[in-house]
Amino acid sequence: MTAPAERMSRVDTAWLRMDNDVNLMMIVGVWLLSPAITIDALRERIGDKLLKYDRFRQRVQQDTMGASWVPDEHFDIERHVVVATPERRADQTERQALQHLCGSLATTPLDPHHPLWQFHLIEDYEGGSALIARIHHCIGDGIALISVMLSITDGGADPPRRRKRPDDEAADDGDWLADAVLKPLTDITVKAIGMYGSGVTRTMDALANPEAPLMGSVEMARTGYKVVSDLAALALLADDSPTRLKGKPIGKKLVAWSEPMPLDDVKTIGKGLNCSINDVLLSCVAGAIGQYLRDRGDDPAGQEIRAMVPVNLRPLDKAWQLGNRFGLAPLTLPIGIENPIERVYAVHRRMSEMKGSYQPLLAFAVLAVAGLFIKPVQDTILGMFAKKTTAVMTNVPGPAKPLMFCGATLRQNMFWVPASGDIGVGVSILSYGGGVQFGLITDEGLCPDPQQIIDRFAPEFDKLLLVTMMLPWGDEAA
C-alpha cells in the first residue's frame, strides 16, 4: 500500500536545504563483506527489508512553505541499488581505489526527483564485496540510520507498525521534539530574562501573574538561568583557531579509515585513568591532529580546535521512526598538548563541562527555527556554527558481535558524517565487533592526505596505553 504524502519536519527541512557547493548533506558508509554477495541478492534484501520503511519509497517535493514526503510513482530499485567498479591506478591498492570512490560519491548529488538514497555494490573487493551506502541527512540522523541498517542484516527486525490516527496531518508527531524544545524554552527564557535582565520585564511579568511566584520555583529559576547562560555561550563562542584545517573548501572530498583497535584495550586505559572510553578516543583524535600539524611545520602549542558533536535527543526505542532528533554541542579538542596523560585529562574536563548543558537542545531549536525560513536566511543562521568550529565529529556504538548480511560476514563497517557551511573535516568513531575504528573525511583543499592523520591514531593510542600500563594501579591510580 502506497504511503500518503506527509509534511517534512522543520528540522529535517533544515537538513534538506543545507546542501551547498562544497558540502552535501549525505551520510556515506561502507560495509566490507566476506565472502562476496551478488547484486541480485542485495536487491532482494533491500526490497524485502529496507522498503518496509515508507521513507525509502518517498521523494521530496519542495514548496514555498518547506517540503513534503510524497510517494515516488516511478520508483525503480535498479536505480537505487547499483553495481560500481572503482577505477584503480597501477600504483593504487584496492583499498585506496575504494576510498577514492567513496570520496567521489560523497560529492555526487542524489537525484532530487527520486528517494534520496543509493547503494553501490563492488562485487569483488579483497576476496569479498564492498557496499557503499549514501543516504541524505533529511531522511534520518546517525542513530536512526544505524537502526535501519541493523534491520536489513540477517535476522534484523522489521520496523514496528505505525498506528494511523484519524487526522494524520494534525496529529503527526514529526515535530514533537521541536515543539517540546521551542515552547518550553520560550517560556523559560522570557521568565529568566525577567529575573536576571531588565527590571521592566520583571515587573511586567509580576503584574501579569500576581498570584504566582516570579519564577514559579527555585528549580525553574535555575533552569531558566542555565538556558540563558548556555544560549549566550553558544552565540558568543569565538571563531575557531586558525589552522590549515580551517578555510575555504574546494568541494572535493577524500576519505580514510583505520584498522580496528581492540575495544578492551581502550577500556583498560579508561579504567587505569578513571576516564571514560570517549575521553580516551577523543584524546587520540586530538593527539593525531596535533601531530599531523607538527609534522607539516605548524606549531599547535597552546591551540585548541572545536568540533561540533551530535547529542542524541530521542529514546533509543524510537530510533526506527527516522527523522533528525539530535542537538549539537561544541567540544574543544586540545591539539596543542603533546603529553598523552595531560591531554586525556584535558578532554575529560571538557566532556564533564558539557554534561548538563542545554546547548544541544538550543542547537536543535536553532535548526527547527532555521527550517521555517527561506534558504538564504537559513544559511545565515546556520553559518554561525561553521565559523565557530573546525570539524564535525560523531561517536556511535555498534553491535558487540559481527553481523551477517545476505549470508556474508560484515567484517568491517565505517561511515562519514557530512559537514555544513565551510567546515572541511569530519571525524567518525565507530565501535563494532569488539574493535574501534576511526574514519575521516576531508576537503582536499584543506587536508589533501587524510590517511596521514588516520595513521597517527594508532601511535597516539599506543603511547597512551604504554604510559597507562606503567602507572600504579589500585586506589591511588584514581
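Taken together, the values in this text are just the output of simple stated rules run on the coordinates, not laboratory data. Predicted, not measured: the structure shown is a model, and the values here were computed from it. Quick reminder, even Gly has a Cβ in these numbers, built from the backbone with ideal geometry, and neighbours come from all protein chains shown.
Modelled spin-label separation between residue 76 and residue 34, with each label point placed 7 Å from Cα along the Cα-to-Cβ direction: 3.7 nm.
Can you give the FRET efficiency for residue 88 and residue 338, using 1/(1 + (r/R0)^6), R0 = 30 Å, r = Cβ-Cβ distance, to the nearest 0.05? For R0 = 30 Å, the calculated efficiency reads 0.20. In terms of surrounding Cβ atoms within a 10 Å radius of their Cβ, 345, 53 rank from fewest to most as 345, 53.
With an a/c value of 1.5 or above and a/b not larger than b/c for the gyration tensor axes a ≥ b ≥ c computed over the alpha-carbon atoms, segment 1-76 is described as oblate. Sorting 277-283, 119-125 by their mean Cβ neighbour count within 10 Å, with the most densely packed peptide first, gives 277-283, 119-125. Straightening the chain between residue 455 and residue 296 buys 55.8 nm, computed as 0.36 nm per residue apart minus the Cα-Cα spacing. Residues 351, 469 in ascending order of nearby Cβ atoms (within 10 Å, fewest first): 469, 351. P(r) for segment 242-308, from all Cα pairs and a bin width of 10 Å, is 15, 38, 35, 11, 1 %, short bins first. Highest mean packing first, where packing is the average number of other Cβ atoms within 10 Å per residue, the peptides 65-71, 411-417, 294-300 line up as 411-417, 65-71, 294-300. Here's the picture: charge each Lys and Arg Cβ at +1 and each Asp and Glu Cβ at -1 in segment 84-143, and of 127, 85, 112 the one pushed furthest to the positive end of that dipole is 112.
Contact order for segment 37-160, expressed relative to its length and based on alpha carbon pairs under 8 Å spaced 6+ residues apart, stands at 28 percent.
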